[in-house]
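Below is one structure; the comments refer to it alone.
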Amino acid sequence: MRSEATIYIVDDDEAIRKSLALLMRSEGYLAKTCSSAQQFLKSYVPAVPACVVLDVRMPGMSGMELQDLLIKREIHVPVIIMTGHGDISMAVRAMKAGACDFIEKPFENQLLLGRIEEALHDAMDELRRDGEAAHARERLELLTPRERETLELLVVGKLNKQVASDLNISVRTVEAHRAKIMEKLEVRSLSELVRLALLAN
């Protein structure tokens, strides 16, 4: 996982950027350093496992403002806030707003690396879920409007007889639709069908 992951270090302090980049590379991560929030926004690549190690206080756009912007733009990337001693309340606010963790300067390298490992693990899980959901939506696009209606009723637990009554069609037609739906969606059981339909939502 490390060789695939990018760690963004966003801090206006060059010494911190350099030392953290060195640490990340020594652990096998790809490190990208950014001296400002604006620079991060230009260099960020979505759909790649990543973690942002973000300083709270920076000139221009602060770490908090950047985090708010990420939420507004629906950019789902784990953020670890670096905070000075006087910024604890700010860091707590950042966590309430969605940061996955905060770490107080000065910190032990191993502590930061442990937090990054956890954050990346969660990010990988989210990327996998997003991929599964996108695949499920693609499969559902293969269904005809009538098959979609049938699927929606099956997923809420209706029996073939009830689906037939709701759609004003025969039970045999419902069975034919159901078989076609399962074939198109490449599922073998009703439970798989329900799982795929839920994933697509």
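All of the numbers you see were taken from the coordinates with simple rules; none came from a lab. Bear in mind that the values here come from a model prediction, so they are computed numbers and not experimental data. Note that each Cβ is placed from the backbone with ideal geometry, even for glycine, and that neighbours are counted across all protein chains shown.
A few notes on this one:
- Relative to the longest principal axis of the Cα atoms of the chain, the long axis of helix 190-200 lies at roughly 50 degrees.
- Share of Cα-Cα pairs in the range 1-147 lying beyond 25 Å, as whole percent: 29
- Ellipticity estimate at 222 nm from DSSP helix runs (n ≥ 4, -39,500 (n - 2.57)) divided over the chain, nearest 500: -18500 deg cm²/dmol
- Charge dipole magnitude, Cβ of K and R +1, D and E -1 - the range 2-128, Cα centre, debye nearest 20: 280
- Listed residue (54, 131, 142) projecting farthest to the positive dipole end of the chain, Cβ model: 142
- Amide hydrogen proximity for residue 61: with H placed 1.01 Å from N in the peptide plane, the residues at 5 or more positions away or on another chain lying under 5 Å are 37, 38.
- The label-point distance for residue 186 and residue 152, in a model that sets each label 7 Å from Cα toward Cβ, rounds to 2.6 nm.
- Placing a label point 7 Å from the Cα of residue 13 along the Cα-to-Cβ direction, the residues of the range 35-67 whose backbone N falls under 15 Å from that point are 35-36, 53-59, 63.
- Distance between modelled label sites at residue 41 and residue 57, nm, 7 Å Cα→Cβ extension: 2.3
- Only the Cβ atoms of Lys and Arg (+1) and of Asp and Glu (-1) were treated as charged; on that basis the dipole of the range 142-200 about its Cα centre amounts to roughly 100 debye.
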